[in-house]
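Chemist: One structure, as structure tokens, below. Some questions next.
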Ligand SMILES: [Mn+2]
């Protein structure tokens, strides 16, 4: 049976600023994971490697990224004799400044590599395995155009695969976010819908054939806990069989720690490790919650430093912790002392705070001030 390997949103060259000092290492991982995708496509004897948009993070990637990608695609097409199809997405859309235009000669030199949209091409027909890959490539980063409207399946080949990069209306979406309507996915005659743009794996219900977002092979943002997969699709006369294959190396895992019950950095670190086992390939999204005593001396930077080496990276998640500044806490700070007067003044400011951000600033100042006035060495 013909086999298609479907990936998307590889985002080679992404800046990954959210990963801080580990960003460049993760950019290298994105490359290695793309090489693993090629390895898998060769192992599976795939008839086609299909990239459903955003292979590159930008329209003007460094030439080293372009050469790397072309070398890997040539490894696939060269060793297998099969075909690779690139669909230009929202980050690497077609146009005068497109990577596919700027490096047109280099792309053309790779045998059996096709870029949909180049020379107005909307189909790549693989006569041997009987697959027709069809799609209307993106020409801008935002668009209200429905890519699937007006796209028809092949009348000659048994397996028509529609490729699209956009947002299906099963979730609220912006009107210019490359709309794909569920109705368009219900059109008959297609064997598979290869979707891109969303970075977590998702199978869309209600389509006339399997309609799958393979998602980004490596997460592109801290909320993408469903990233890290590619789709291996077997096309048969009774329909396409889709296998979700884990390809990514780094995984985003979320945890929320109650800092009101962890008196010091050591206790905090123990609690974090208990929630999420240390793993150098885990990106830990750490939420902090709880109620802190006004004199607890909690220091977020210091606490996070105690666990940062246990994971690939620790990224701040929701921070909802607050100071407990009830009458009891205030009574413990005598009014006759400066510390008591300071705390009461800050409490009034807190009551008048306009929003969460201002509240957090006042709470930080209050906690720091109380600690200083009590003679603690907190300014290191
Ligand atoms: Mn993308």
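Every residue, every condition in (1) assigned to a loop (DSSP other than H, G, I, E, B); (2) away from the ligand (no atom under 16 Å from the Cβ); (3) at pLDDT 95 or above, yes or no:
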{"position": "207", "(1), (2), (3)": "yes, yes, yes"}
{"position": "227", "(1), (2), (3)": "yes, no, yes"}
{"position": "231", "(1), (2), (3)": "no, no, yes"}
{"position": "235", "(1), (2), (3)": "no, yes, yes"}
{"position": "240", "(1), (2), (3)": "no, yes, yes"}
{"position": "243", "(1), (2), (3)": "no, yes, yes"}
{"position": "248", "(1), (2), (3)": "yes, no, yes"}
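Chemist: Can I ask one more? Of all residues in the stretch 36-61, count the ones that are farther than 24 Å from residue 104 by Cα and within 15 Å of the ligand (Cβ to nearest atom).
Modeler: 0
Chemist: Here is a follow-up. Could you check the stretch 34-69 and list, in sequence order, the residues that are touching a strand residue (DSSP E or B) at 6+ places or on another chain (Cβ under 9 Å), within 23 Å of residue 141 (Cβ to Cβ) and assigned to a helix (DSSP H, G or I)?
Modeler: Listed by number, the residues that qualify are 34, 65, 66, 69.
Chemist: Which of the following residues is touching a helix residue (DSSP H, G or I) at 6+ places or on another chain (Cβ under 6 Å), buried (at least 22 other Cβ atoms within 10 Å of the Cβ), closer than 23 Å to residue 95 by Cα and assigned by TED's automatic domain parsing to the domain that holds residue 240: 59, 13?
Modeler: One residue alone meets the criteria, 13.
Chemist: Using the structure shown, decide if residue 168 is away from the ligand (no atom under 13 Å from the Cβ), crowded, with 21+ Cβ neighbours inside 10 Å and either over 18 Å from residue 239 (Cα atoms) or modelled with pLDDT under 95 (or both). Spell out the reasoning first.
Modeler: Working: away from the ligand (no atom under 13 Å from the Cβ): yes; crowded, with 21+ Cβ neighbours inside 10 Å: yes; either over 18 Å from residue 239 (Cα atoms) or modelled with pLDDT under 95 (or both): yes.
Spelling it out, residue 168 is indeed away from the ligand (no atom under 13 Å from the Cβ), crowded, with 21+ Cβ neighbours inside 10 Å and either over 18 Å from residue 239 (Cα atoms) or modelled with pLDDT under 95 (or both).
Chemist: For the list (1) surrounded by fewer than 18 Cβ atoms within 10 Å (Cβ to Cβ); (2) more than 16 Å from the ligand (Cβ to nearest atom); (3) farther than 27 Å from residue 162 by Cβ, I need the number of the one condition that residue 81 fails.
Modeler: Among (1) surrounded by fewer than 18 Cβ atoms within 10 Å (Cβ to Cβ); (2) more than 16 Å from the ligand (Cβ to nearest atom); (3) farther than 27 Å from residue 162 by Cβ, the lone unmet condition for residue 81 is (3).
Chemist: Need the failing condition index for residue 23 against (1) more than 16 Å from the ligand (Cβ to nearest atom); (2) under 21 Å from the mean Cα position of the chain (by Cα); (3) surrounded by 21 or more Cβ atoms within 10 Å (Cβ to Cβ), just the number.
Modeler: For residue 23, the exception is condition (3).
The values are calculated or read from the model by the stated rules, or taken from the named source; none is laboratory data. Predicted model, so just to flag it, every value in this text is computed and none were measured. Don't worry about glycine lacking a Cβ; one is built from the backbone with ideal geometry, like all the others, and counts go over all protein chains shown.
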